[in-house]
1. What chymotrypsin sites (Phe, Trp or Tyr not before Pro) in the range 232-332 are in a loop by DSSP, with at most 10 other Cβ atoms within 10 Å of the Cβ?
2. May I ask you to list the trypsin sites (Lys or Arg not before Pro) in the range 1-96 that are in a DSSP loop and have at most 14 other Cβ atoms within 10 Å of their Cβ?
3. Mind listing which trypsin sites (Lys or Arg not before Pro) in the range 191-272 are in a DSSP loop and have 11 or fewer other Cβ atoms within 10 Å?
4. In the range 126-199, carbon and sulfur make up what percent of the accessible area (probe 1.4 Å)?
5. Not counting ligands, DNA or RNA, and with a 1.4 Å probe, what is Asp149's accessible surface area in Å² rounded to the nearest 10?
6. Within the chain, what's the longest run with no GluC sites (Glu not before Pro) in a DSSP loop and at most 16 other beta-carbon atoms within 10 Å? Give the range, please.
7. Expressed as a whole percentage, what fraction of the accessible surface of the range 230-288 belongs to carbon and sulfur atoms when a 1.4 Å probe is rolled over the protein heavy atoms?
8. Add -39500 (n - 2.57) for each DSSP H run of 4 or more in the chain, then divide by its residues: what number comes out at 222 nm, to the nearest 500 deg cm²/dmol?
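The values are calculated or read from the model by the stated rules, or taken from the named source; none is laboratory data. Note that the structure is a prediction, hence the values are computed from the model and not measured. All Cβ positions, glycine included, derive from the backbone under ideal geometry; neighbour counts span all protein chains shown. Protein only, heavy atoms only, side chains kept; ligands, DNA and RNA dropped before computing areas. Shrake-Rupley method; radii C 1.70, N 1.55, O 1.52, S 1.80 Å.
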Amino acid sequence: MALGKADRRHITRIFFPGLYKKGESPGITADLRTFIYEKGLRPAAIEVNPLDQSRWPITYAALMTLSRDVRGQFHFGTIDFPARLLHKLATKLLEKLEMRDELRGAFFVHELRGTKGGSIHDPGNVEERRAAVAGVFRIFDRNQLKEEDWVVDVALEVRHEGHVLQWLTKGHRRILEFILQSASAEQISSILNSQTQYHLDLSAQLGDLGGFRALPSSRGAADSVSYINVYTTDKCATYQLHEGIFRRRKAWHLFPDNMSSLLKDLTRIACHFQACAGDAISAGHEANARLEIRVPLRLADKVLMQLPDPLIQQSLATFDCPTFWQVVLDVTLQPMANSIRIHVQVL
C-alpha cells in the first residue's frame, strides 16, 4: 500500500509479505487497514513527533470521512512530516506492525519516477553530468543504497527553434545500432521483428514518422541497456492524465444522439491545433526529439554524451510549426470529411 511521498513524484510503499497467499486476492482488508492506521502509523507518528498530534485524524473511520466528498469519491490529502525524523518513524512503525502476525516482516519500497526536466545539463560536461545524477538522488542517503539495484533513465533531447522534430521510422535500425553497439546485425533485426521487444509509435498516423519503444532483453545486456524510448514532445500538446478532450473515442460516439457532442469536441480540438500552428503573434508549439535509455545507476553519467551528426541526418525530419500542426489537424478531421488533402513539407 502507498504510504507517503517525497519531492514531487517519489512514492514510498509498504509491503506485507505475510499477507501473500497464492491464488487469493492481494487486497488489504478494511480491518487490517484500520489496524495499520490506528495501531501503527498514527501512534508511531505521534510518539516520534507529538507536536503534530492534531494533524492525524483520530480514527481510520474519521480519516475516510475527511477523504470523501458528498458523492463518496476520494480526495487524498497529505500530512507533512519532518525529514530528519523519518528514520525514527520508519523504525517505530515497523515495530508496531510486528504486534500482528500477518503484518510481520513489513518493508518499504521507494519509487522515484517522472523527474523529467529536473536534471537538464550539458551532456559533454563531466561535472554537469555528475551533478545531475547527484541532484536526482538528493533526497536519498546514497550510502544506504545498493547501486546494483537501481536503474536510471538517461535522455538526450534535440531542439530546432520554431520547428517540430520527428523521428523517421526508416531510421530506427540506425538508432538501435548506435545504442546497442555490441549487438550484431542479426540481433538488431530480431528486435525490430519482435512483437514483444519492439513497439512502433506512429505520429499522426503517418507511416514515415514515428518513434518506438524497445525492450532489448538479452540483446541489450552487453551494453547494459534494459529499455529504450524514442519519441517527440509534440505529445505534450495533447497529453492528459485524466479523461479529457483528447481521450480515445469509441464507435458509439458516432451514434446520432452523441454526434452533437462529438462535433463540439472536434471543434475544440481543431482550435487547439490551430493555436499550436502559430500566427503573427505566436511562433507556434515546438516539439523536440527525445531519446531515452535505461541503464544501471553506475552508468548514469557515462552514457548518451552525444548524438553523432550522421545519426541525426538519417533519423530526424524537421517541420515548421504551421506545416506540422496543419497535418495533424487534417488527419484528426479526416473521418468527418469526404476528402482531405495533406501537404507535408520536410525542411
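1. When the chymotrypsin sites (Phe, Trp or Tyr not before Pro) of the range 232-332 are filtered for loop state and at most 10 Cβ neighbours within 10 Å, Tyr239 remain.
2. When the trypsin sites (Lys or Arg not before Pro) of the range 1-96 are filtered for loop state and at most 14 Cβ neighbours within 10 Å, Arg8, Arg9, Lys21, Lys22, Arg71 remain.
3. Answer by residue number: Arg247, Arg248, Lys250.
4. Solvent-exposed carbon and sulfur of the range 126-199 make up 44 percent of the total.
5. 110 Å²
6. Longest gap between qualifying sites, sites excluded: 244-347.
7. Carbon-and-sulfur percentage of accessible area, whole number: 58.
8. Roughly -8500 deg cm²/dmol at 222 nm, from the helical runs in the chain.
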